[in-house]
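> Mind having a look at this structure? Questions to follow.
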Amino acid sequence: MTDLLDRARGALHAQPFSVLLGAELMHTSDNELTLCLPIRDELRQQHGFVHGGVISYLADNALTFAGALALGPRVVTGEYKINYLRPAVNGMLVARAKVVYAGRHQATCQCNIFVIDGDRERLVAVAQGTINRIGDGGDTVPSS
């Protein structure tokens, strides 16, 4: 699994926007992964909460990477839906995504986004999406 994790991290670090935000891939397995993002002031909106676009980015990228586990690295997000449950303020955002079903060209994935602050973990959003394979499935990085 280390080789898969290293390749996935390489793909994440090839995305300039992910590097700008500071996202890190923490775990991969056959059908699930964990993507983390430390909360900092630049990611907040006017009320002090993490901006919904940041949480949405995390869900989108985690869903896409999960889809790549089933479909190969040449994938894009076809669509996704997100429900925001509560605001995130401090700590670390953690997106845990998994493949629910995968065919030859498309995968349905789900993602739960948590905020971890100290020893407390709270669910802040849930998302589900469809990830599509593009081209021949060769070796390039996933994109969202």
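Each reported figure results from applying straightforward, stated rules to the coordinates on display, with no laboratory input. Note that this is a predicted model, so its numbers are computed, not measured. A quick note on method: Cβ atoms are made from the backbone with ideal geometry, for glycine too, and the neighbour counts reach across all protein chains shown.
> Order these by the 10 Å Cβ neighbour count, fewest first: Asp3, Asp30.
Fewest to most other Cβ atoms nearby, the residues stand as Asp3, Asp30.
> Quick one: helix 52-71 against the long Cα principal axis of the chain, what's the angle to the nearest 10°, folded into 0 to 90?
Around 20 degrees separate the two axes.
> If I model a spin label as a point 7 Å beyond the Cα along the Cα-Cβ vector, how far apart are those points for His105 and Leu20 in nm?
3.2 nm
> Determine the relative contact order of region 2-133: mean sequence separation of Cα pairs under 8 Å and six or more apart, normalised by residue count, in whole percent.
With pairs under 8 Å counted, the relative contact order is 24 percent.
> Sticking with this one: Quick check: residue separation of Glu79 and Asp3 times 0.36 nm, minus the Cα distance between them. What number comes out in nm?
Here the segment from Glu79 to Asp3 would lengthen by 24.5 nm.
> Given the convex hull over the Cα atoms of the chain, what projected area results after averaging over all orientations, in nm²?
8.1 nm²
> Taking 0.36 nm per intervening residue step and subtracting the Cα-Cα distance, what contour gain separates Gln46 from Asp117 on full extension?
Computed gain between Gln46 and Asp117 is 23.5 nm.
> Quick check: net charge around Phe17, other residues with Cβ under 15 Å of its Cβ, Lys/Arg +1 and Asp/Glu -1?
-3
> With loop defined by DSSP as not H, G, I, E or B, and exposure as at most 12 other Cβ atoms within 10 Å, which is the longest segment of the chain clear of exposed trypsin sites (Lys or Arg not before Pro)?
Here the longest segment lacking exposed loop sites spans 41-103.
> Determine the calculated [θ] at 222 nm for the chain from helices alone, applying -39500 (n - 2.57) to every DSSP H run no shorter than 4 residues and normalising by the residue count; nearest 500 deg cm²/dmol.
Estimated from H runs of four or more residues: -8500 deg cm²/dmol.
> Using only the alpha-carbon atoms, what does region 13-54 span along each of its principal axes? Please give whole angstrom values in decreasing order.
Dimensions of region 13-54 along the principal axes of its Cα atoms: 39, 19, 14 Å.
> In addition: Which net charge results when you count Lys and Arg as +1 and Asp and Glu as -1 among the other residues whose beta-carbon is under 13 Å from that of Asn61?
Charge balance near Asn61 sits at 0.
> Relative to the longest principal axis of the C-alpha atoms of the chain, give the angle of the C-alpha long axis of helix 2-13, reported between 0 and 90° and rounded to the nearest 10°.
Here the helix axis deviates by roughly 70 degrees.
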